[in-house]
Each structure stands twice: as C-alpha cells, then as structure tokens.
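All remarks here apply to the structure that follows.
The values are calculated or read from the model by the stated rules, or taken from the named source; none is laboratory data. Note that the coordinates shown come from a computational prediction; the quantities given were computed from them, not determined experimentally. Heads up, the Cβs are rebuilt from the backbone with ideal geometry, glycines too, and the neighbour counts pull from every protein chain shown.
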Amino acid sequence: MHELASKATREAVPHLAAAVEGLSRTLGPEHPFVGRQLSELSELRRKAGDVPGADADAARAKGIAAADAARAPSASRPSSGA
C-alpha cells in the first residue's frame, strides 16, 4: 500500500508543477496564491523524495510570502488619521 501511495505522489509532482507554472504566468510569479501552491508542491516533492526540488520550491514560496507581508499594511503601524 505504501508503494502505491508513493507512486501516486511521484506521478502527481509534474502535474502540480505544471499547474504552479500556469498560475505563475497567469497571476504573476509573486502572487500569494502562487506561493501557497509552491508550498504544497514543496511538500509533495519532499514526500516523493526530491529534497533539493522541495527545498527550492519552499525557498521560493518563503520569498513570495515575505514580499507579500512587506506589502501588506501592518496592524502595528499607527494610522495616519484621528
């Protein structure tokens, strides 16, 4: 049973990778949704045994999340009104 799940995981990787690339082209490579899907792809690659690929996807996802957080208004910043 484990071998079947492992095979399904390995077979799913190229499909999710293609979907992430399509999202990247459509939404832009820095879109937060692309980052979330890269995180999912990273986990899938790790389960399939592709640690270098998983690490690369995770690093890209982390960079997107950091850029998105930097763009988002911070709750700790004082408002300019009142």
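Which one of G28, G49, G22 is modelled with pLDDT under 95 and surrounded by fewer than 14 Cβ atoms within 10 Å (Cβ to Cβ)?
G49
So the check is Cβ under 7 Å with 6+ separation or different chains; which pairs have a first residue in the range 32-53 that's under 30 Å from R71 (Cα atoms) and a second one that's surrounded by 15 or more Cβ atoms within 10 Å (Cβ to Cβ) and of a type in the set (S, T, Y)?
Note: pairs meeting the criteria are V34/S24; L44/T9.
If you check A59 against the conditions, is it modelled with pLDDT of 95 or more and either surrounded by 10 or more Cβ atoms within 10 Å (Cβ to Cβ) or of a type in the set (S, T, N, Q) (or both)?
Yes; evaluated as a whole, the condition is true for this residue.
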